[in-house]
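Asks: Before anything else, here's the structure in question.
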Amino acid sequence: MNLRLPAWLRQGWRRLPWRGSTGRLLLLTLAVFAGMAALSPDRFLTRANLESMAFQFPELALLAFAILLTMLSAGIDLSVVATANLAGILAALVLTRWWPGLADGPAPFAVAAAGITALAAGGACGTVNGLLIARAGISPILATLGTLQLYTGLALVITRGHAVYGFPDALLFLGNGLWLGVPMPFWLFLGAAGLLAVLVNRTAFGVEARLLGTNPLAATFAALPVRGVLFRTYLASGLLGGLTGLLMIARTNSAKADYGSSYLLQAILIAVLGGVNPAGGFGTVLGVSLAVVALQALGSGFTLLGFSNFTREFVWGLFLLLIMVLNRLGRTNRQP
Amino acid sequence: MNPTAASPSPPPPRLLRLLRAFGRHEAAVLGLLVVLAAGIGLLNPAFFSWANACNLLKSSVTLGLLALGVLVVLISGHIDISFPAIAACSMYVTCLAARALPGLDHLWLLFPLAAAIGATLGLLNAWLIHRFQLPALIVTLGTAGLIRGGMLAFIGTRILTDLPASLIAFAKAQIFERPAPGGGTVGLSLSFFVLVAAAAGVWLFLNRTVAGRGVYAMGGAPEAARRAGFNLGWLHALIHGLVGLLAGIAGLIHAAHMRNANPFDIVGIELTVIAAVVLGGASITGGRGSVAGTLLGVALLVILNHSLLLVGLASEWQKVFLGLVILLSTGFTARGARRRLPWTAPVYTP
């Protein structure tokens, strides 16, 4: 049978990542959804559950995007959660203490002030990382290990370890409201994912970052703007951290220096589960998005089934090892 | 080897020889440590009291044991972030076993048991890393979740307050006791000598055994090490087994110091321990690192952790200082390394 599809459709079909690790991941995500739906049919596929999932996972997704971006150039940003917390705390302090009357003023103005503060703080943290890595030549894992301590320390010093809470409703809407029946964090996630997909796939920066990650020596000899690419990578990662910080305080109505301390390892786990190569050069926004949705579905399903968070941690670890081993076995079969 | 060696020059003064053997980075950390201690001591003489010294040494035992394990992994060019989970798991399982079997209540049974559990879990890491050629970061991220989640979900979450009697006696044991100013006596905890023994053992292993030199060789260039005849599989088993073993012992000592076995403890310390080892001059890409440097890094960290209150700074500043020290030390190392490289060298080595 010779069915001639239009060229754009055929090409589009071929471009879809059915094969390789993203394909396996899609199957895994569907399997998790099917399995959870089968195990608790009256609760998992309900609107309430799906909605609560869509409120929860975007924070983690944004952090995993930052890890994806830095892993493309074979680096890592260990300071991203600390950046998010510091940005969230600064935004929270602007709203509650440093600018009296802001919270009582016009709502869009307060949200804009918080957003600009968070993004500026995230951008500043990213700039410091970028300078340390691109200019001072410290390896990313060490530079961000240092700034992780530094940013967490600054957040602790500013707040003296206490939580900052009580924000205007307009900001809380960003974390808890619905727009067109869909949770606001999910819209933020979609926007960030779209922007990042364009950045990674459709700009010179994205290509250069991947080339740099594949072979730093070759990239240097090919006269790629290595320092510029590195700097922009960590700046973008910091901005994503700032956005996460804004989302965190909008969702929880409080900012604390040690919030989400387990998020860092989870974000790395999600990025790697999503097919990002920690050695650099490969990773897709779609893969990371699928991984975060799969893990959230697994977590929510487990909670519905009455398992503890600890079972979830156990299964996540098992998942990560299984996926990595399967990917490895698949690769060795193809290249004997 | 070098042309000037033909005419015998007088041996350099002993202090200089000592410094050379010590390495430049270690000397810099030692200098920083001395300056820090002197500064704190000037601001508050209580820093130099016997009680404070004993307290600092006791606090460095758990961190030091974990750091020695991380040192070996970093030298081999890998990384491990599952060691806190391994420490917590071996500690908790050992204490549970001692509750169930009263005959186990003896130090020479408890410590080998914890070490054996830790080593077994370490071997799991080694198998996954070597058999499937997976990045150590990812494998240990997975096993950390597996071990901690498995322990909390299937073994228990309850904090055990009735530790084996021998363990309590061990934690209370002190030597060099002196009368304390407030009454009673302060002395050096016996557990400090576990760290001394472990440091000596790891030093002997790294510097005086073929396998230890193999760890350095593997960190420098794995393929070259393999062709030189090192069995990388055995080295992996040895390295990760050793990390697990040290983590198991560290976990049990932590429980003894705390007087309870809390399965939620220890986890979360991984990046701090790695920071201490890096501070001590170990290279994160492998091939470089020393026991002396690691112990100095741990000492710096412990002093930062415990002494800021003595000089009237809120403990919140601790992480700020730690971050700055890490950035400064790695920044200088990177600067020095780049200066020795030809202009064609890449500006970026991840």
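The values are calculated or read from the model by the stated rules, or taken from the named source; none is laboratory data. Not measured: the values here are computed from a predicted model. Positions of Cβ are backbone-derived with ideal geometry, glycine not excepted, and every protein chain shown enters the neighbour counts. Remember, those area values only see protein heavy atoms, side chains included, never the ligands or the DNA or RNA. Shrake-Rupley method; radii C 1.70, N 1.55, O 1.52, S 1.80 Å.
Asks: Please check the range B:80-124 for residues whose accessible area, probe 1.4 Å, is lower by 10 Å² or more when all protein chains are in place than in their chain alone.
Replies: Those residues are B:ILE81.
Asks: Send over a whole-number figure in Å² for the accessible area per residue of the protein assembly as shown, probe 1.4 Å. Numbers along the way, then the final one.
Replies: On the way: 30530 Å² over 686 residues.
Per-residue value: 44 Å².
Asks: Between the range A:155-226 and the range B:235-312, how many Å separate their Cα centres?
Replies: When both Cα centres are located, 33 Å separates them.
Asks: Which FRET efficiency value, to the nearest 0.05, do you get for B:LEU309 and A:ALA120 by plugging their Cβ-Cβ distance into 1/(1 + (r/R0)^6) with R0 = 30 Å? It would help to have the intermediate numbers written out before the result.
Replies: Numbers: r = 33 Å, r/R0 = 1.11.
The computed FRET efficiency comes out at 0.35.
Asks: If the cut-off is 24 Å between C-alpha atoms, which lysines fall inside it for A:LYS256, apart from same-chain ones fewer than 8 positions away?
Replies: The reachable lysines, counting only those whose Cα sits under 24 Å from A:LYS256, are B:LYS319.
Asks: Shielding by partners for A:126-132, please: the mean number of other protein chain Cβ atoms within 10 Å of each residue's Cβ.
Replies: Values: counts 0, 0, 1, 0, 0, 0, 4.
That average works out to 1.
Asks: Treat each spin label as a single point 7 Å out from the Cα along the C-beta direction, and report the B:ALA224 to A:THR220 distance in nm.
Replies: Label-label distance for B:ALA224 and A:THR220, simple model: 1.7 nm.
Asks: Moving on to the next point. Cross-link candidates for B:LYS58: which aspartates and glutamates have Cα within less than 20 Å, leaving aside residues fewer than 8 places away along the same chain?
Replies: Answer for B:LYS58, where 20 Å is the Cα cut-off: B:GLU177, B:ASP265, B:GLU270, listed by chain and number.
Asks: Once the Cβ-Cβ distance between A:ALA34 and B:ASN55 is put in as r, and R0 is 51 Å, what FRET efficiency do you end up with, to the nearest 0.05? If you can, show how the numbers build up before the last one.
Replies: Details: r = 57 Å, r/R0 = 1.11.
Working from the Cβ atoms, E equals 0.35.
Asks: Using only atoms on other chains, find how many Cβ atoms lie within 10 Å of each Cβ of peptide A:265-277 and report the average. Kindly include the intermediate steps, with their values, before the conclusion.
Replies: Details: counts 8, 2, 0, 4, 5, 0, 1, 5, 3, 0, 0, 0, 1.
Partner Cβ neighbours, averaged per residue: 2.
Asks: Within the set of other residues whose C-beta is less than 14 Å from the C-beta of A:GLY241, count the net charge using Lys and Arg as +1 and Asp and Glu as -1.
Replies: Summing Lys/Arg as +1 and Asp/Glu as -1 gives -2.
Asks: Still on this structure, please answer the following. Would any residue of the range B:256-291 have its amide N under 19 Å from a label point 7 Å out along Cα→Cβ of B:THR161? List them or say none.
Replies: B:256-265
Asks: Which of the aspartates and glutamates could be linked to B:LYS172 by a straight reach, that is with a Cα gap under 12 Å, when you skip same-chain ones fewer than 8 residues away?
Replies: Counting by Cα, and skipping residues close in sequence, B:LYS172 has no aspartates and glutamates nearby.
Asks: How many nm separate the modelled label positions at B:ARG335 and A:ALA279, each set 7 Å beyond the Cα in the direction of the Cβ?
Replies: Distance between label points: 3.4 nm.
Asks: Using a Gaussian network model on chain A with a 10 Å cutoff between Cα atoms, which of A:GLY283, A:GLY301, A:GLY166 fluctuates the most?
Replies: Of A:GLY283, A:GLY301, A:GLY166, the most mobile in the Gaussian network model is A:GLY166.
Asks: Calculate the mean, over all residues of peptide A:305-316, of how many other protein chain Cβ atoms lie within 10 angstrom of the residue's Cβ. Each step should come with its number before you reach the end.
Replies: Values: counts 0, 0, 1, 4, 3, 11, 5, 3, 11, 10, 5, 5.
Mean number of neighbouring Cβ atoms from other chains: 5.
Asks: Under the Kirkwood approximation applied to all pairs of distinct alpha-carbon atoms, what is the hydrodynamic radius of the range A:20-334 in Å? Can you show the working numbers first?
Replies: Numbers: mean 1/r = 0.0499 Å⁻¹.
Its Kirkwood hydrodynamic radius stands at 20.0 Å.
Asks: Let me ask something additional. Mind ranking B:285-295, B:240-250 by how tightly packed they are, going by the mean number of other C-beta atoms within 10 angstrom, highest first?
Replies: On the way: B:285-295: 22.0, B:240-250: 29.1.
Sorting B:285-295, B:240-250 by mean packing, highest first, produces B:240-250, B:285-295.
Asks: Now for a separate question. Set the Förster distance to 60 Å, then compute FRET efficiency between B:LYS172 and A:ARG202 from the Cβ-Cβ distance, nearest 0.05.
Replies: Working: r = 66 Å, r/R0 = 1.10.
Once the sixth-power term is evaluated, E becomes 0.35.
Asks: How many percent of the accessible area of the protein assembly as shown is carbon or sulfur, using a 1.4 Å probe? If you can, show how the numbers build up before the last one.
Replies: Numbers: 20640 of 30530 Å².
Carbon plus sulfur share of accessible area: 68 percent.
Asks: Which value, in square angstrom to the nearest 100, describes the accessible area buried between chains A and B on both sides, using a 1.4 angstrom probe? Write out the running numbers ahead of the final one.
Replies: On the way: alone 16600 and 18250 Å², together 30530 Å².
Interface between A and B: roughly 4300 Å².
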